[in-house]
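Please treat every number below as a calculation from the coordinates, not as lab data. These figures come from a predicted structure and were not determined experimentally. Glycine also receives a Cβ, built like all others from the backbone with ideal geometry; neighbour counts cover every protein chain displayed.
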Amino acid sequence: MENPKQKSDLPDSLFSRKKFWQNWANQGTNTVLVISPWLENQEKTKLRREALEANIALQFMQPMPTPEDYRAVNIILGLLLKAKWQPVGLEPLQNPQAAEIVIGFDAGKNRSMYYGTSAFAILDDGQSLGWEIPEAQPGEKLSGEAVLRTILNIIYRFQRIQNRLPKRVLLLRDGLVQCNEFEEAVAALESDNIAVDLLGVRKSGAGRMAILPHESEYLSDPQPGTAILSQDGNTFRIVTSKALAGSTALPLQVVRDYGNAPLEVLAQQVDRLCMLNPASGYASSRLPYVIHFADKMAKEVQRLGTVSILQGVDREKIFFV
């Protein structure tokens with residue numbers, strides 16, 4: 001292993017800085033740990049942009065005067081994900097109507113501009129299939145053409161791994177599924193005999209949940225994984241995180257927009273996806289992690305201020321955690 005580089009090794013000239021990062025990339029470097037006292041956001045963003053242009057993801061950390069296991073574990077997980085290694089996953093759900101690929105979609109907003117079709121995908125064992133570049137757009141509605149292109153790229157990655165098409169795909173959209181966002185993609189999937197389920201996952205509007213135990217006067221908090229399925233088979237509410245002190249559980253409202261998988265199977269998949277957070281050794285996400293990661297990527301692109309530098313970045317490199 002080479003000696004660590006110092007801040008003084010980073011040139012001032014823009015052309016020399018580009019060569020600095022590219023030399024590292026030419027040596028096979030995927031990610032770099034940057035140990036520094038607190039940096040201004042503007043300086044961190046500049047370093048991230050320069051490194052990403054060379055297909056290198058940065059992991060920042062401040063020095064630890066005393067060991068902090070929580071921080072250390074999360075820093076290591078971040079480094080591994082940015083180097084395209086995911087050390088945790090899921091046991092595949094043993095049900096023929098469970099999806100082999102799950103894709104999460106999000107539209108993040110930056111002042112007047114939305115970044116739509118930010119997408120992240122995983123296999124049924126929780127391992128990453130990577131991300132797709134978001135597109136700047138004037139509204140929150142996703143582009144149907146961009147959604148189709150994203151799904152085609154992700155299905156192609158699955159084909160390279162499995163040498164076949166998937167049997168079933170689950171699409172999760174943060175918020176309300178809008179008209180003409182997924183129609184073209186659903187038609188393309190079904191034309192190749194790929195079953196598809198499409199769910200809208202809403203963080204608000206589901207009220208709150210509590211349990212009234214038998215022969216008790218007092219409500220208790222439902223545990224994560226508790227779900228209520230509608231009788232019409234089109235929606236369910238599910239608790240995915242513990243209630244805050246002095247409050248009751250705030251469930252997700254999940255609405256089926258398309259597909260025929262049993263609601264119970266869909267609820268199981270959403271529950272499992274909320275328990276898995278490869279970027280943290282201690283915390284799960286209230287949202288399914290494919291949506292959580294799609295949202296984090298959209299926010300990172302907003303900070304970077306440009307999509308173009310992502311063109312040459314490996315799609316399996318989780319640069320935004």
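Details
- Put a plus charge on the Cβ of each Lys and Arg, a minus charge on the Cβ of each Asp and Glu, and nothing anywhere else: the dipole of the chain about its Cα centre is then about 980 debye.
- Segment 268-321: C-alpha gyration tensor shape, a/c 1.5 cut-off, then a/b vs b/c: prolate
- Cα gyration tensor shape for segment 234-296, rounded if a/c is under 1.5, else prolate or oblate: oblate
- Helical mean residue ellipticity (222 nm; -39500 (n - 2.57) per DSSP H run of 4+; nearest 500) of the chain: -9500 deg cm²/dmol
- Relative contact order of the chain, pairs being alpha-carbon contacts under 8 Å that are 6 or more residues apart, as %: 20
- Dipole of the chain [Lys/Arg +1, Asp/Glu -1 at C-beta], most positive-end residue of Leu263, Pro37, Asn277: Pro37
- Under the convention that each Lys and Arg Cβ holds +1 and each Asp and Glu Cβ holds -1, the size of the dipole of segment 7-82 around its Cα centre is about 240 debye.
- Violating pairs (Cα-Cα greater than 20 angstrom) within the set Lys141/Lys242; Lys44/Lys299; Lys5/Lys317: Lys141/Lys242; Lys5/Lys317
- Charge dipole (segment 7-82, unit charges on Cβ, about Cα centre) - positive-most of Pro63, Ala51, Ile75: Ala51
- Nearest-ten-degree value, helix 14-26 long axis tilted from longest Cα axis of the chain: 70
- Placing +1 on the Cβ of every Lys and Arg and -1 on the Cβ of every Asp and Glu, with nothing else charged, gives segment 120-179 a dipole about its Cα centre of roughly 320 debye.
- For segment 11-152, the normalised intensity computed at q = 0.19, 0.22 Å⁻¹ comes to -1.26, -1.28 (log10 of I(q)/I(0), Debye sum over alpha carbons, equal scatterers, no solvent).
- Burial ranking of peptide ranges 267-279, 161-173 (average Cβ count within 10 Å, highest at the top): 267-279, 161-173
- Note on the chain: antiparallel DSSP beta bridges, both residues inside, total approximately 65 percent of the bridges counted.
- Among the listed values [x] 175; [y] 296; [z] 164, the one computed from these coordinates for volume of the Cα convex hull per residue in Å³ is [x].
- P(r) tail, segment 29-102: Cα-Cα pairs separated by more than 16 Å, 62% of all pairs.
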